[in-house]
Every structure is written in C-alpha cells, then in structure tokens.
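Worksheet: the structure to be examined is printed underneath.
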Amino acid sequence: MEHTQSGFSSAPRAPLSTRRLLATSIITKFFVNTGVQLWGPFLPVIAQGLDTSVVTMGRLTSVRSIMGVFAPIFGSAADRTGYRRMLRLSLWILVAGTLIVGLSPNISVALIGMILMGLGSSGFIPTLQAYVSAQLPYNRRARGIGILEYAWALTGIVGLFLVGQLITVAGWRAPFLVLAGATLAMSFVFHRMPPARMEHAPEQRESPAGEPWTTRLANFFNLGVNAHSAYSSMIASCFLYFAAVQLMISYGIWLQSDYGLGPAQLGTVALILGLFDLMASVTMSIITDRVGKRRSMAIGVSGALIACLLLPELARGLVSAVLALAVTRSFFEFAIVSNLPLLSEQIPAQRGKVMTLGAATGLIGSTLSGLTAPWLFTRFGLAAVTWTSALSAAISLIILLLFVSEHGIMEPISHE
C-alpha cells in the first residue's frame, strides 16, 4: 500500500473506481499538457512578446525539456513514499513556473519559469502514468493508459484552441495565468485521491553513509534482469520523441511563415491536430491490449516514418498541409501512447522509477529537437525537418524490434 502522506489523516478512504481515477487524471493532465503543447503553435507569438527570436525561443524550450532528466528522482521517491505526494509536489512546482512565465518582464525571468515548468511537468506526467498503471491489471492497462492519453488530444481540440482565442483577446500572458490557477486547484483534488496499490514492493537496501557515490549511482540505475529490454524501450522512446517533437516545435513557424496564420488560426489548426490525436488514442485503447503493446508501437512508428517522408510532397496547399501534418501526428501519437503500457510492465517492482526514466530519455529527445527544428526549418526548409524525423523514427523502430520484449520480470530487484 502507498505510504500515508505525512500531515494528513491516515483514515482509510473509499476504493478508487476506474471512472474516478481516469476522470481526475484526465482533467489534471489536460491542464498540464496544455502548458507543454502551447509552445508549438504559439512559439512565434511568445517569442515576440518576450522580444526575442524563434530560434532563441526554441533553445529555451530545450532548456525546459532537459529538466526531464530529473524526473527519475520523483519516480524513485514515489516508489518509496507514495505517488500522491510526488504528484502534488510536481503540480506545485509547475504552478510556480507557470506564474513566473506569465508575469515575466523579460526573457531571463521567463527562463526561470520555464525551468520550473519543465521540472513540474516531467515529474507529474510519468508519475501519474505509474499511479494509473498500479491500479490496473496488465491485460487492461493499454485501455486505461490510452483513455488517460485522451487528455493529450483534448489539449489540441479544446486547450490550444482556447489558448489561441485567449491570446487574441488578452495577450500572450493570459493563458499562463489561467493554467496556473487551474493546476493549483487540481493539486488539492489529488490530496483526496486514495493511495495506489503497491503489489510488487521493491527490495531496495539503504545505502550505508560511507558508500561511494559511484556505487550509489550504480544502484540507482540497476533495474535488474530485464534492464536490457527496459533501457532499450527508453532509448527507442528517445528517438521517437525527437522525431515527433521536431514537427510539434516547427509547425507553428512553418504555417505562419508559409501561409500567414495568426494565433487564432493556429489554435484552429491545433484543434484539428487534436482530433486526429484523439482518434489515435481511441484506436490504441481499443486494439492494443489484443494485438500486443510492442506490435502496436511498431505499427505506429512505421506509419510515422512513412508519413514523415511523404509530408513535404503532400503539403502543396494549406488544407493538404494541415491534413498531412495531422495524419503524421496521429501515427506518432499512436506509437507514443502504445509505448507507455509496454514500459510500465518492464520492471513492475520499480514502476515509478522506470516510467520517469522513460520520460527523462524521451525529454532528452525533445530537448535536442528544440535545438534542431527551428534551425533546420529556417536554414533548409520543411523537408530537412521531416526527413530528419523519419531517420530518427527508423532508428527507434530498429531498436524496438531487436531489443525490446513485451513485458518484464515480475520478481523484485535486489542490490545484493
């Protein structure tokens, strides 16, 4: 059983229904995802508001993304002390960062807020996925995780569309202030959520006070007998995220420069992309438990690879460009969501750590894409972005097929 949070009543709470679990998680993740996704379509608008270039702003989003390397600290702590404590802590950090960005007078202050936003979101999202995974059996987990990831699609359908309208009416700062308030409210909702069931408690020994830091570090990254498959899944995810986020970061710049779209129009495009993301998540939640998580991810990566190669040829006008982009995004969404239940069962005894390690490696890919995508587009055009993404997707597919198993070893790890 997850540890009781200190400072609160230890009285038992009612069992958590799947409906309540997913509804609360989707609403909270919707607000968090909106703060993550808005940098794609509205990057030029935010850059203009902070009086900087899109290339510089892209680099700052990379700094935000690289904060994901600290996510395993949240995951490891969650395995020991409880998911809810780390979920609320992550949300509070995210609130602070979002407020700082929304109130920032210049790019230097905004950078501090972006760092905190990166820490908060990268700690919250994989820990939430671990919390949900711990409540669901493996044969129904893809369905549950797929439904949870509807929040990502709803961000585009509703969240980014509203962000575009809000920016048009009240300026670029307004969405950050609204998101900070909504996220803070949901952090208190999670205090009332029941603890997760810890069915495979890890047998982690305490490190002696005088133990060398290298040994402590080695123990932290020792995932046991299925580490080869688990780390391969993470590396495949890293290349997949690099490929996907390159398009997410650059499509706002592309559509603004080639077709003159403003914030409201970019919000509408985000709505269309969100609809396709939702179709991908719904399809994944329906079929993946039956066809297998690994096979489902391979289908998604293969489709994304082909779509990236064809995208420059298909983008001959605004309608065809948005449609081709939406199809490409849907394949990426299908692959990324399929990887979550696959990763969740690699090392059940250390699920929180594994999910946050996976998020950290994925965010490394996101960080690199923030550096490459604006530069590639401004120097060489759309084809350079999509073909680089195709190459990265191909590497992800090779790693997945050669080195990743369907699920891991159920026995807990020992550091002896």
Note: among Leu342, Leu376, Leu371, Leu402, just one is in contact with a His (Cβ under 9 Å, 6 or more places away or on another chain) and of a type outside the set (Ser, Thr, Tyr), namely Leu342
Looking only at residues in region 151-192 that are within 23 Å of Arg84 (Cβ to Cβ) and among the small types (Gly, Ala, Ser), which one is surrounded by the fewest Cβ atoms within 10 Å (Cβ to Cβ)?
Gly181
Being without any contact (Cβ under 8 Å) to a residue 12 or more places away in the chain and among the hydrophobic types (A, V, I, L, M, F, W, C) is the filter here, so list the residues in region 270-305 that pass it.
Ile287, Val291
Only one of Thr388, Thr378, Thr328 is at pLDDT 90 or above and surrounded by fewer than 20 Cβ atoms within 10 Å (Cβ to Cβ), namely Thr388
Does Gly156 satisfy the condition of being in a helix (DSSP H, G or I) and at pLDDT 85 or above?
no
Say whether the condition of being of a type in the set (Phe, Trp, Tyr) and either farther than 30 Å from Leu402 by Cβ or in contact with a Pro (Cβ under 9 Å, 6 or more places away or on another chain) (or both) is met by at least one residue in region 257-267.
yes
Across region 86-101, what is the number of residues that are more than 22 Å from Trp172 (Cβ to Cβ), touching a residue at least 40 places away in the same chain (Cβ under 8 Å) and either surrounded by 23 or more Cβ atoms within 10 Å (Cβ to Cβ) or of a type in the set (A, V, I, L, M, F, W, C) (or both)?
4
Neighbours by Cβ (under 7 Å, 6+ apart or cross-chain): first from region 170-185, farther than 18 Å from Gln48 by Cβ and touching a residue at least 60 places away in the same chain (Cβ under 8 Å); second polar (S, T, N, Q) and crowded, with 16+ Cβ neighbours inside 10 Å:
Leu179/Thr34; Leu179/Thr98; Ala180/Thr98; Thr183/Thr98
The one condition Arg379 fails out of (1) on the phi > 0 side of the Ramachandran plot; (2) free of Cβ contacts under 8 Å to residues at least 40 places away in the same chain is (1)
Consider Ser104 against the criteria (1) of a type in the set (Gly, Ala, Ser); (2) surrounded by fewer than 23 Cβ atoms within 10 Å (Cβ to Cβ); (3) farther than 18 Å from Pro175 by Cα: it satisfies all of them except one. Which criterion is unmet?
(3)
Is it the case that region 239-261 has a residue that's farther than 23 Å from Thr367 by Cα, among the acidic types (Asp, Glu) and not in a loop (DSSP other than H, G, I, E, B)?
yes
Just to be sure I understand, how many residues within region 330-386 are charged (D, E, K, R), part of a helix (DSSP H, G or I) and within 26 Å of Thr283 (Cβ to Cβ)?
2
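The values are calculated or read from the model by the stated rules, or taken from the named source; none is laboratory data. Fair warning: this is a prediction, and the values are worked out from it, not measured in the lab. All Cβ positions, even for glycine, are placed from backbone atoms using ideal geometry, and neighbour counts span all protein chains on display.
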